[in-house]
Amino acid sequence: MRLLLWSLVVCLRAPAGICGGGVVFTKHPTNQTVSQGKEVRLGCAVEGVSEPDITWMKDGEKLYSTDQVFLTLGEQHWETSHSVKSVQQQDAGQYWCEVEFHGLTFSSRPAWITVEGVPHFIQEPQDVATFPNTPFNLSCAAVGPPEPVEVQWWLGGVREEESRLSPSALHIPGVNSSMKFYCEAKNARWDFRLQNRNRLHQSFVGAELDPYVYQCCQKQPVDLQVIWMTDSNVTLSWKPGFSGHSELSTCIVQVVKSKGHRGDLQQEVQVPPHLHVLSFLRSHSNYSARVSCVNEVGASPFSPWLHFSTPESVPSAPPRNLSFDLLERHLSLRWAELQEEELQGKLQAYKLQWILGGELQEPLLFKQNHAQLSGAGRFFNASFQVSACTSAGCGPWSTPVLVLPASVQVQAQRSHIWVGLLLGLLVAVVVGLLLTTVARRREKETHFGSAFKDPWS
């Protein structure tokens, strides 16, 4: 233990480079200042050790290298080096080498690597959302080495005349439209040449921040599309445009039945999600829709019109006024056409259905609103109904019409007349009886009135 302490005292008092029982650093790393991207090499040599056990340190941490090479300079005399092929800012720092001897660690003199070149940004301007003509500030900061670092601001494609020392705060009194801002940085060591800004690693050794985009207003929604459709319902989806960094609250959906007109249907939709179901639309109709979204900044422009057509549906009403003419050789049927809003599609055919003797017969199809069936006699006592059909199917049936010969119809009409006459006669008899009863009561009241007449009158 005493021997170990004595060795340490001797090492501390010995001349620089000599310590620990003959361990001598014959070469120390030296301070170096290099340009970013260049190669840098540090050397270290030690004498008095039997094995090349030399470790490189950086800022107190061991450096692990797979390509470390040791050179023999003589008996127990070794040299090694540490190199960086393309030095960057993170390679800057304090370096030294260490040797272990009899359980003690001995270090060389430290050396500094200073990297000069393109400055790097430590503060970038952030996106800003504000109301038109409202003041705001942007900040930008960059560091070297070397120092000082100057910052150049660009406003809407125009460069400021004077550079500013980093860090820099740019005051904007307000804008009324979207603008682009960005800042550039340069080292004091290098000549700043704007015309060579694209040759970053040659004449212009500076740094340029990616363009910063300032927005004061919203952008219109995009990708408006139909994701689901039935004959009366349509589901719309869209993506919001740039919102000015303010959360969206609602979107406005306008729907018209023909493009180029003001919306006859306008609905407010809470978002997200950016979906909306349009209900109670007409089948087989053309519509146009567009969307605008709203937040505290204001309302965005409307998206382009989206045009779509709802599919066909079955007719909503039956044909009316079904009538017939029973002639000697054929039966003629006629009915009224449906209105466009009742048809709800393109008419394909009219389906004529008839029942005879309680049995449903094979239906017949007709393109027009009339039909002529041969063999009039076979349709006696038959019941007919008609329905309109589109590509989606057939609508409801009309009221049944019973086919009877003309004589039967006249007889039926006469029977209806006799029934009316009998009912009228019955009503007249009842009224006469009531009047007779009332007259008799009045006559009795008159007699009683004479019997009890006041004698003084």
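The values are calculated or read from the model by the stated rules, or taken from the named source; none is laboratory data. This one's a predicted model, so the numbers in the text were calculated from it and none came from an experiment. Here Cβ is always computed from backbone atoms with ideal geometry, including for glycine, and neighbour counts include all displayed protein chains.
Below, the figures for the structure above:
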quantity: Answer from Leu278, Leu236, Leu248, Leu265 - the residue that is crowded, with 19+ Cβ neighbours inside 10 Å and under 28 Å from Gly395 (Cβ atoms); calculated: Leu278
quantity: Near pairs, Cβ below 6 angstrom, 6+ apart or cross-chain, from segment 352-367 (within 15 Å of Cys394 (Cβ to Cβ)) to any residue that is modelled with pLDDT of 90 or more and assigned to a loop (DSSP other than H, G, I, E, B); calculated: Gln353/Pro363
quantity: Contacts under 7 angstrom Cβ, first residue in segment 122-139 being closer than 13 Å to Ser243 by Cα, partner modelled with pLDDT under 80 and surrounded by fewer than 16 Cβ atoms within 10 Å (Cβ to Cβ), 6 or more apart; calculated: Asp127/Val213; Asp127/His245; Ala129/His245; Ala129/Ser246
quantity: Top-ranked residue in segment 302-343 [being surrounded by 19 or more Cβ atoms within 10 Å (Cβ to Cβ) and of a type in the set (Gly, Ala, Ser); ranked as farthest from the chain's Cα centre (by Cα)]; calculated: Ser313
quantity: Matching residues in segment 344-394 - criterion: being surrounded by fewer than 16 Cβ atoms within 10 Å (Cβ to Cβ), under 14 Å from Pro319 (Cα atoms) and among the polar types (S, T, N, Q); calculated: Gln368
quantity: Subset tally (residues that are within 20 Å of Val40 (Cβ to Cβ), in a strand (DSSP E or B) and not hydroxyl-bearing (Ser, Thr, Tyr)) for segment 55-97; calculated: 14
quantity: Residue count, segment 332-359 (criterion: within 16 Å of Leu402 (Cα to Cα), of a type in the set (A, V, I, L, M) and at pLDDT 90 or above); calculated: 3
quantity: Matching residues, segment 291-332, being touching an Asp or Glu at 6+ places or on another chain (Cβ under 7 Å) and among the small types (Gly, Ala, Ser); calculated: Ser313, Ser316, Ala317, Ser332
quantity: Scan of segment 119-161 for residues that are of a type in the set (Phe, Trp, Tyr) and within 31 Å of the chain's Cα centre (by Cα), ordered by number; calculated: Phe131, Phe136
quantity: Qualifying residue in segment 95-103 (condition: in contact with an Asp or Glu (Cβ under 8 Å, 6 or more places away or on another chain) and farther than 30 Å from Pro167 by Cα); calculated: yes
quantity: Listing of strands (runs of 3 or more DSSP E) fully contained in segment 263-362 that carry 2 or more residues being closer than 23 Å to Ser249 by Cβ; calculated: 265-270, 275-278, 286-295
quantity: Which listed residue, of Val175, Val213, is assigned to a loop (DSSP other than H, G, I, E, B) and either under 27 Å from Glu160 (Cα atoms) or at pLDDT 85 or above (or both); calculated: Val175
quantity: Selected residue (criterion: modelled with the lowest pLDDT) from residues of segment 39-56 that are of a type outside the set (Val, Ile, Thr), surrounded by 13 or more Cβ atoms within 10 Å (Cβ to Cβ) and over 15 Å from Ala92 (Cβ atoms); calculated: Pro52
quantity: Some residue of segment 246-257 being modelled with pLDDT under 90, under 30 Å from Ser178 (Cβ atoms) and among the charged types (D, E, K, R); calculated: yes
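Okay, residues lined up against (1) assigned by TED's automatic domain parsing to the domain that holds Val149; (2) at pLDDT 90 or above; (3) surrounded by 15 or more Cβ atoms within 10 Å (Cβ to Cβ):
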{"residue": "Val23", "(1), (2), (3)": "no, no, yes"}
{"residue": "Pro29", "(1), (2), (3)": "no, yes, yes"}
{"residue": "Gly37", "(1), (2), (3)": "no, no, no"}
{"residue": "Phe70", "(1), (2), (3)": "no, no, no"}
{"residue": "Gly74", "(1), (2), (3)": "no, no, no"}
{"residue": "Ala92", "(1), (2), (3)": "no, yes, yes"}
{"residue": "Trp112", "(1), (2), (3)": "no, yes, no"}
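The rows are residues; the columns are (1) among the hydrophobic types (A, V, I, L, M, F, W, C); (2) at pLDDT 85 or above; (3) within 30 Å of Thr26 (Cα to Cα).
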site	(1), (2), (3)
Tyr95	no, yes, yes
Glu98	no, yes, yes
His102	no, no, yes
Phe106	yes, yes, yes
Val118	yes, no, no
Phe131	yes, no, no
Leu138	yes, yes, no
Gln152	no, yes, no
His171	no, yes, no
